[in-house]
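So the structure is just underneath, and the comments pick up after that.
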Amino acid sequence: MGVLSDAQNNNGSGNCAVEGLMSLVRRKQVDSDRTKSSSSSSSPHHLAKALTIPHLIAIGVGSTIGAGVYILVGTVAREHSGPALTFSFLIAGIAAALSAFCYAELASRCPSAGSAYHYSYICVGEGVAWLIGWALILEYTIGGSAVARGISPNLVCLVLPDFFSLYYSYSLPSFLARQTIPGIEVVVDPCAAILVFVVTGLLCVGIKESTFVQGIVTAANICAMIFVIIAGGYLGFKTGWPGYQLQSGYFPFGADGMLAGASTVFFSYIGFDSVASTAEEVKNPQRDLPMGIGIALSICCALYMLVSAVIVGLVPYYAMDPDTPISSAFSSHGVNWAAYIVTIGACTALCSTLMGSILPQPRILMAMARDGLLPSFFSEVNKKTQVPLKSTIVTGILAALLAFFMDVEALSGMVSVGTLLAFTMVAISVLILRYVPPDVVPLSSTLQEAIDSVSLKYRNTTSPGDSDVDNADVKADIPEKAVPVLVSKETTIEDPLIEKVDVQLNYFTNEENRRTIAGWAITSTCVGVVILTSAASNLTLFSTYRYTLCGIGGVLLLSGLILLTWIDQDDARHTFGHSGGFICPFVPLLPIASILINVYLLINLGADTWMRVSIWLAIGVLVYVFYGRNHSSLQNVVYVPVAHVDEIYESVAEPHP
């Protein structure tokens, strides 16, 4: 029908609260040829279309393998999982695979920079998209810092392979060695900060050049992993796998420890998220993005599980070196030359992971700045290198400062929160896309004249009299036998039971009612997941209260799942965004399973981690309220029905006499 203004027809009522709430749910349009051409006038330089499937695999594998094996294996095995570390990687990998299916569909439908932020903005709304984007800033910046922080211990082993002690910092030059600041007991790492600056400079050269370098380093990374599996397996069979011959058994910390370990090692699966963030630079995103994400994640998950199974079998979990678990595991069996090779692989792998961790961050900043939520400074693309140069430099400075001051373990938990929040929102976006996709899109207010003309045309053609005539014509054209009983108003049904069922089915098959039911079903599912996982994870609650909450959450979750399975998906899903790409299977079951796993892992993170992330998100809310909301590109747009968009643009393109 009519046209909805983003100002919500603000007639001077001064209802700022309502206007502020409406700004939280406004959604942007999927990038199309028209939107790109309209934005080219204000931003003439675009990202380079240079990436193909091999590039994406190199980015995915290179961004992923490194931190999970070379840094967190020792810490997680010692403190959380024990010999069950392989299952922790498997659980995290399953959750990542479910999310990867959702990412693959959205990335191929909406191939633009921004990743989960971009998808949330299109499917959910500006408020949620801002929080996701703000969390992604934390995720990628801290991810790169954590990886850089883990490189210096491996560099020490590379310089002195026989030197594995707490005094490794003295083997590096004083300006590179870790030092403890007296009084505040903060360990600084100059080497990590310098490495971040080096990688930042490489990323500023160009996406194709940096990806080429990352591909070479990733090849060395995979060779090191294969060596660990083969050589470690030989040592394990030769020595009888001492790490598995423990009295404490395979689960010394129980199932809770295994799940806590899974939430921590989720840090090691952020690689395919980096692939999605480069969607705008892919030559054929509908084909290449899903394949790149799937192949990269499969390679990483298989290597993680095999390497972790070998390492925890070579050394008892409580004897693992928290900084260099793989190198020290080989050295404990007297194979020092193998430890040296592993250390070379670790250094190259961590350097590749560092590149992959910093790569997406400037593109997130660029996407948010394009939408007006951040200053336009971050959206500028360099004419020569075709990369967001200023955003890359700012990201490098922030990551270097964090790598210089902060501790790896504290950082990894915060990264897990950002990753899980993004994965959860991507799964919800798939449900929204399938069942209640946006039925209105924002257009520039400069098209107001054409919008009014088309809107007036539709109002005139849908008057009651014309509607009756049109309906009569339609009925005359349809053969009587072709009209189903339940939708033919002319059919007389004598049985009261059939009449009742007819009324109920017609209610659910009505498009407006179907969208309403689907919306409430998605809401019920999400609320049920939160209640169920919260109650199941809180062991301090009284058993009666806990089981009651679990029952309520389970009923809401199952009700939403059953409703979504029963009702039809929206026909508009076939034309939403760019067609011809990957389609996520088993909807709604797969996205709901992804939401359930991700939320459970989120709730099982430590309270200290949530405190730090909450502070960061609170700062983000303030930035949005005082800057982003008022500078949003959707501030003065006009919303029109999707069916009217093509006609509006055609009326603008037509020459006027």
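Rounded, prolate or oblate: which one fits region 339-389, using the alpha carbon gyration tensor with axes a ≥ b ≥ c (rounded when a/c is under 1.5, else prolate when a/b beats b/c, else oblate)?
Values: a/c = 6.57, a/b = 2.88, b/c = 2.28.
The shape class here is prolate.
Rg and Dmax of region 53-120, Cα atoms, in Å?
Expressed in Å, the Cα Rg and Dmax of region 53-120 come to 15.1, 42.
Using amide H atoms built in the peptide plane, which far-off residues or other-chain residues are under 5 Å from Leu443 H to H?
Val638, Tyr639, Val640
What is the distance, in nm, between label points placed 7 Å from the Cα along the Cα-to-Cβ direction at Lys457 and at Ile397?
Modelled inter-label distance: 5.2 nm.
I need the calculated FRET efficiency for the pair Ser445 and Ala643, taking r as the beta carbon distance and R₀ as 22 Å, to the nearest 0.05. List each step's numbers first, then the result.
Numbers: r = 20 Å, r/R0 = 0.91.
Rounded to the nearest 0.05, the efficiency is 0.65.
Hey, any idea what % of region 309-352's accessible area is carbon plus sulfur with a 1.4 Å probe? Let's see the in-between values first.
Working: 870 of 1340 Å².
That share works out to 65 percent.
How would region 89-145 be classified by its alpha-carbon gyration tensor: rounded, prolate or oblate, with rounded meaning a/c under 1.5 and the a/b versus b/c comparison settling the rest?
Working: a/c = 1.93, a/b = 1.15, b/c = 1.68.
It is oblate, given that a/c is not under 1.5 and a/b is not larger than b/c.
Assuming R0 = 51 Å, can you tell me the calculated FRET efficiency for the pair Asn284 and Tyr545, based on Cβ-Cβ distance, to the nearest 0.05? If you can, show how the numbers build up before the last one.
Working: r = 54 Å, r/R0 = 1.06.
For R0 = 51 Å, the calculated efficiency reads 0.40.
Quick one: grab the alpha carbon gyration tensor of region 194-266, order the square roots of its eigenvalues as a ≥ b ≥ c, and give me rounded if a/c is under 1.5, else prolate or oblate depending on whether a/b is larger than b/c. Spell out each step's value before the answer.
Details: a/c = 4.09, a/b = 1.85, b/c = 2.21.
Here region 194-266 falls in the oblate category.
Show Arg178, Arg363 ordered by accessible area, largest first, where the area counts protein heavy atoms only and the probe is 1.4 Å.
From most exposed to least exposed: Arg178, Arg363.
Full-extension gain between Tyr250 and Val625, please, as 0.36 nm times their residue separation minus the C-alpha to C-alpha distance. Intermediate results must be reported in sequence, preceding the final value.
Numbers: separation 375, 0.36 × 375 = 135.00 nm, distance 5.00 nm.
Working it through step by step, the gained length comes to 130.0 nm.
Step through the residues of region 226-242 one at a time and calculate ³J(HN,Hα) from phi using the Karplus curve (6.51 cos²θ - 1.76 cosθ + 1.60, θ = phi - 60°), rounding each to whole Hz and writing x for Gly and Pro.
Taking θ as phi minus 60°, the curve returns 5, 4, 4, 5, 6, 5, x, x, 4, 5, x, 5, 6, 9, x, 6, x Hz for region 226-242.
Once phi is turned into θ = phi - 60°, what whole-Hz ³J(HN,Hα) does the Karplus curve with 6.51, -1.76 and 1.60 give for every residue of region 340-353, x standing for Gly and Pro?
Along region 340-353, the couplings run 5, 5, 4, 5, 4, x, 5, 5, 5, 5, 5, 5, 5, 5 Hz.
To the nearest whole percent, what portion of all C-alpha pairs in region 47-92 is separated by more than 17 angstrom?
Numbers: 503 of 1035 pairs.
Value for region 47-92: 49 percent of Cα pairs lie more than 17 Å apart.
With labels modelled as points extended 7 Å from the Cα through the Cβ direction, what inter-label distance (nm, one decimal) is found for Ala48 paired with Lys238?
Placing both labels 7 Å along Cα→Cβ, they lie 4.7 nm apart.
Using a basic spin-label model with each label point 7 Å from the Cα along Cα→Cβ, how many nm lie between Thr565 and Leu589?
It is 0.7 nm.
Find the accessible area per residue for region 510-647; the probe is 1.4 Å, ligands and nucleic acids are left out, and the unit is Å². Please report the intermediate quantities before stating the final value.
Numbers: 7320 Å² over 138 residues.
Value for region 510-647: 53 Å² per residue.
Ordered by residue, what ³J(HN,Hα) values in Hz, to whole numbers, does region 370-378 give under the Karplus form 6.51 cos²θ - 1.76 cosθ + 1.60, where θ = phi - 60° and Gly and Pro are x?
4, 7, x, 7, 10, x, 5, 3, 7
Grab the Cα-Cα distance for Val205 and His574, subtract it from 0.36 nm times how many residues apart they are, and report the gain in nm with one decimal. Present the calculation step by step, with values, prior to reporting the outcome.
Working: separation 369, 0.36 × 369 = 132.84 nm, distance 3.89 nm.
Separation in residues times 0.36 nm, less the Cα-Cα distance, equals 128.9 nm.
Given a 1.4 angstrom probe, I'd like the percentage of the accessible area of region 223-293 that is carbon and sulfur, rounded to a whole number. Kindly include the intermediate steps, with their values, before the conclusion.
Details: 1740 of 2730 Å².
Roughly 64 percent, rounded to a whole number.
The values are calculated or read from the model by the stated rules, or taken from the named source; none is laboratory data. Everything numeric here is computed off the predicted structure, so don't read it as measured data. All Cβ positions, even for glycine, are placed from backbone atoms using ideal geometry, and neighbour counts span all protein chains on display. For accessibility, only protein heavy atoms count, side chains too; no ligands or nucleic acids. Shrake-Rupley method; radii C 1.70, N 1.55, O 1.52, S 1.80 Å.
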